[in-house]
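Following: one structure in structure tokens, then a few remarks.
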């Protein structure tokens with residue numbers, strides 16, 4: 001029986017990892033949706049040292065969880081509480097990336113560099129003060145004119161301050177995103193609480209904007225938040241309008257702050273025209289991918305394949321139906337739609353290329369839809385000299401459920417990943433689907449893993465609920481070869497205690513499973 005934790009800030013300490021191994025942990029998962037493999041080399045070194053001190057023989061098992069054909073929020077967004085009934089604006093991450101390559105980005109880079117080298121908060125306060133002292137439209141127009149005529153550092157800071165203090169609809173439509181440093185983000189969250197007519201802008205993948213329609217329901221963070229799309233403004237005419245000259249087009253740029261904990265994002269007013277990037281960013285199709293149809297999460301009934309997309313919408317407005325805490329990088333799913341995503345992203349291929357170097361023993365592929373997905377991954381592993389790395393096929397949508405018998409010969413282990421899988425159907429149907437998948441694996445003697453929210457309450461509590469330990473016990477009794485904790489160890493308050501409960505409950509089920517087999 002294998003017991004996995006997930007690396008993250010809560011267990012990113014050698015002593016904590018050592019205690020998790022002593023509790024019975026046999027391996028670790030690294031979620032590459034939040035950063036590439038080489039960026040986690042320090043954690044992997046801690047992991048190996050901890051395993052040695054805990055007396056683990058040989059190298060610990062390391063699973064990398066790829067991005068795969070999955071939709072996620074932009075990593076550089078803000079963290080804030082979304083309220084029921086609130087209107088938000090979905091904007092393109094791809095367009096923001098293209099903006100970084102244009103002239104306005106260079107000016108903002110200079111502004112960010114000076115902010116970093118001098119007094120960041122003082123500079124932000126000075127910019128904010130200027131916006132407050134010139135409240136009239138005439139004063140604002142004068143400030144914008146001065147920014148264009150005098151491209152000094154002060155003018156750029158003033159323009160950035162003005163863009164931040166006036167988050168109008170035009171700013172949202174131009175993909176104006178948030179200011180960040182710690183104090184500035186606090187101000188942004190305060191502003192979010194008193195938004196009024198302004199809309200919070202949420203960066204999403206271009207692919208989502210290609211296919212979303214009015215009436216669609218979007219689930220965020222494994223369904224913790226639900227959005228209802230109210231209006232999609234765009235199409236060929238609107239896309240062409242992006243290319244039209246605008247006197248003051250507010251653009252959003254994401255600037256990574258060197259040696260800082262938080263990314264810095266500066267909204268800059270610029271006269272330059274901005275063209276939206278209509279290509280899904282950070283994805284590459286291999287020849288094998290082109291044969292694949294559908295992706296993403298789907299409804300329990302046979303879903304409709306998304307219609308051919310129009311030009312990238314300029315504006316997508318949505319209303320918060322289920323409120324919650326919005327965090328960058330969280331998962332997205334459109335209920336009842338299959339989006340034609342490629343099997344592997346550019347980042348996935350890069351990480352696969354480093355798998356052998358970093359001692360990776362297994363690769364988890366999200367949203368597996370058919371055997372072509374698994375053959376694409378196997379081909380990439382072979383090309384990287386990582387033929388011995390095992391493939392863990394994550395079942396996270398109804399396509400994967402329907403194709404389970406087709407998938408079994410082409411993977412080393414099936415993963416019943418209940419987070420996104422639970423978004424693909426009414427939750428009361430999920431237990432039956434889990435039992436169905438487990439039975440299919442047992443029939444073909446294929447090992448399987450059960451994961452997601454096994455001890456979710458232990459994010460905040462030192463003792464799990466009775467329902468949670470029963471969940472672990474039943475998964476193992478049903479034949480699971482491995483179980484895994486995710487956020488409980490990566491971001492929870494009790495990573496060691498959570499691992500103890502996982503292992504002890506699992507081992508109790510293993511004993512009872514053996515006794516049942518002997519009868």
Hey, among 290, 310, 279, which residue is in a helix (DSSP H, G or I), at pLDDT below 90 and at negative phi?
290
Within the range 389-407, of all residues that are modelled with pLDDT of 95 or more and out of contact with any helix residue (DSSP H, G or I) (no Cβ under 9 Å at 6 or more places or on another chain), the one farthest from residue 70 (Cα to Cα) is 390
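Can you name every residue in the range 337-348 that is outside any strand (DSSP E or B) and surrounded by 18 or more Cβ atoms within 10 Å (Cβ to Cβ)?
Answer for the range 337-348, where residues must be outside any strand (DSSP E or B) and surrounded by 18 or more Cβ atoms within 10 Å (Cβ to Cβ): 339, 340, 341, 342, 343, 344, 347, 348.
Counting just the residues of the range 322-335 that are in a strand (DSSP E or B) and surrounded by 15 or more Cβ atoms within 10 Å (Cβ to Cβ), which one comes out modelled with the lowest pLDDT? Reasoning before the result, please.
Narrowing the range 322-335 to residues in a strand (DSSP E or B): 322, 324-326, 331-334.
Okay, now just the ones that are also surrounded by 15 or more Cβ atoms within 10 Å (Cβ to Cβ), so 322, 324, 326, 331-334.
Working: 322: 95, 324: 94, 326: 92, 331: 83, 332: 88, 333: 86, 334: 89.
Checked the range 322-335; the qualifying residue modelled with the lowest pLDDT is 331.
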So, in the range 452-481, exactly how many residues are surrounded by fewer than 24 Cβ atoms within 10 Å (Cβ to Cβ) and not in a helix (DSSP H, G or I)?
11
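The values are calculated or read from the model by the stated rules, or taken from the named source; none is laboratory data. Remember, it's a predicted structure, so these values are computed and weren't measured experimentally. We place every Cβ from the backbone using ideal geometry, glycine too, and count neighbours over all the protein chains shown.
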